[in-house]
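These notes are about the structure you will find just below.
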Ligand code: 2IT
């Protein structure tokens, strides 16, 4: 079957799942040439099999709020592909969660995990539960009710969930506690665990740190660095926090963060205690950044806008999918941005990506840039299996070398004759080849 036919069939079979179609289209268009050059992939039906998840679990999550009212949410786990290792990927708790979002995330995860070079397949899960405004007891009761269903389908060699938007260390604790009680074993079944019970050092920082290590390689190839650069970051969660911390350490000035309410512009730079304050904002469970402007004079809050209108050298989307569109991309280009690295998953729309590549900007997609998060989850799994803990430098060094290798793989498959690197193509081909070859080797399963 041809790539075009596979895409058309997918849209017919799953109408309205726009994020899922967007993610699949991007990958299939990138790998079309490689796929056509290797008839063994078509013979084994690799693409038709790859675009459908192995299975999806959907379940009801009933729980009781603090007022004694019954609440009902939907829970999901998408086990997408386990050709190269157990299903692996985060859980997202956010009111926008639906099957299209989780299938796009699960699909992206296959290639991202393959890029890390660690043995991890692709999966994703979550719920439409909204953590905003919930008390800690409500979050705990919800996590316990969620795990009461999920635990049957996961295991340290089967499927290893982790965090994503709305699921951080606290939630992983509540989820793990219930898993442990039900499964009657203490295993490495979730990653992002607390340090005292199997977690890895650097895991909280890993997505942001890895993203900056990757962008550093992009800059180095152009004889440049973060030193003295002005950087805009979106979001204010775990990913934005890690990225701001590392970019600042490397001599850049981070001038924005953002939330659903608007963005903060801080020309003096978001550093030191201002970076710590991001954690307080997140812990408040209010999902707003406005209080930052009251706390730190000299900064301002811009209501209802995204940070891409600020003139910067480097833009780092760190919030959610499709958070930077064609119009935003054009503003960044007019403002002479030199590098855009997606630290969020599928942060840029196809129109934005097309503009970046047409203008030969340094641009790299989430599945390569943010792979440090799941890579460090993989390192957590290794430590759990060995029943020992590496120190901070050991984990950071491994994370750094994984990001350098992912960058090299993108260059290997994405470098054009004129020297421009198409990181989208490079990441997709490098991630795909390993999985596709594994699927062919393992027969029709
Ligand atoms: O999008 C991602 O890669 C994650 N949310 C992390 C997944 C993981 O298993 O650590």
**Request:** Please report how far the C-alpha centroid of segment 231-297 lies from that of segment 363-403, rounded to the nearest whole angstrom.
**Result:** 24 Å
**Request:** Could you tell me the distance between the Cα centroids of segment 60-99 and segment 117-168, to the nearest Å?
**Result:** 6 Å
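What value does segment 362-445 have for Rg/Rh, both radii from Cα atoms and Rh as Kirkwood defines it?
Values: Rg = 15.5 Å, Rh = 14.5 Å.
The Rg/Rh ratio comes out at 1.07.
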**Between segment 185-223 and segment 308-344, the alpha-carbon center distance in angstrom** = 23 Å
**Request:** Two decimals is fine: what's Rg over Rh for segment 242-344, C-alpha atoms, Kirkwood radius as Rh?
**Result:** 0.93
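Between residue 338 and residue 408, what is the FRET efficiency for a Förster distance of 25 Å, r being their Cβ-Cβ separation, to the nearest 0.05? All intermediate terms of the calculation are to be shown ahead of the outcome.
Details: r = 21 Å, r/R0 = 0.84.
According to the calculation, E is roughly 0.75.
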**Request:** Mind sorting 26, 227, 351 by how few other Cβ atoms lie within 10 Å of their own Cβ, fewest first?
**Result:** 227, 351, 26
**Message:** Suppose only helical runs count, i.e. DSSP H with n ≥ 4. What mean residue ellipticity at 222 nm does that imply for the chain under -39500 (n - 2.57) per run, divided by all residues and rounded to the nearest 500 deg cm²/dmol?
**Reply:** -15000 deg cm²/dmol
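Subtract the Cα-Cα distance of residue 5 and residue 309 from 0.36 nm times their separation in residues, and report this length gain in nm to one decimal. Before the final figure, lay out the partial values.
Values: separation 304, 0.36 × 304 = 109.44 nm, distance 3.90 nm.
Residue separation times 0.36 nm, minus the Cα-Cα distance, leaves 105.5 nm.
Taking the Cβ of each residue in 388, 99 as the centre, tally the other Cβ atoms inside 10 Å and list the residues starting with the fewest. It would help to have the intermediate numbers written out before the result.
Numbers: 388 8, 99 19.
Sorted ascending by nearby Cβ count, the order is 388, 99.
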**Asked** On the first, second and third principal axes, largest extent first, how far apart are the outermost C-alpha atoms of segment 257-302 in Å?
**Response** 26, 22, 14
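Using the number of other C-beta atoms within 10 angstrom as an exposure proxy, rank 1, 64 with the fewest first.
Working: 1 10, 64 14.
By the 10 Å Cβ count, ascending, the order reads 1, 64.
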**Complete:** Of the convex hull drawn through the C-alpha atoms of the chain, the volume per residue in Å³ is 139 Å³
**Asked** Given segment 64-216, what percent of its DSSP beta bridges are antiparallel, to the nearest 5?
**Response** 55 percent
**Request:** Provide the percentage of antiparallel DSSP beta bridges, counting only those with both residues in the chain; round to the nearest 5.
**Result:** 60 percent
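So if I average 1/r over every pair of distinct C-alpha atoms in segment 24-70 and take the inverse, what Kirkwood radius in Å does that give? Write down the numbers at each step before the final one.
Working: mean 1/r = 0.0703 Å⁻¹.
Hydrodynamic radius (Kirkwood, Cα pairs) of segment 24-70 is 14.2 Å.
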**Asked** Regarding segment 135-246, what are the three Cα extents along the principal axes, ordered largest first, in Å?
**Response** 54, 33, 24
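All of the numbers you see were taken from the coordinates with simple rules; none came from a lab. It should be emphasised that the depicted structure is a prediction, and the values quoted were computed from it without experimental measurement. Methodologically, a virtual Cβ is constructed for each residue, glycine included, from the backbone with ideal geometry; neighbour enumeration extends over all protein chains shown.
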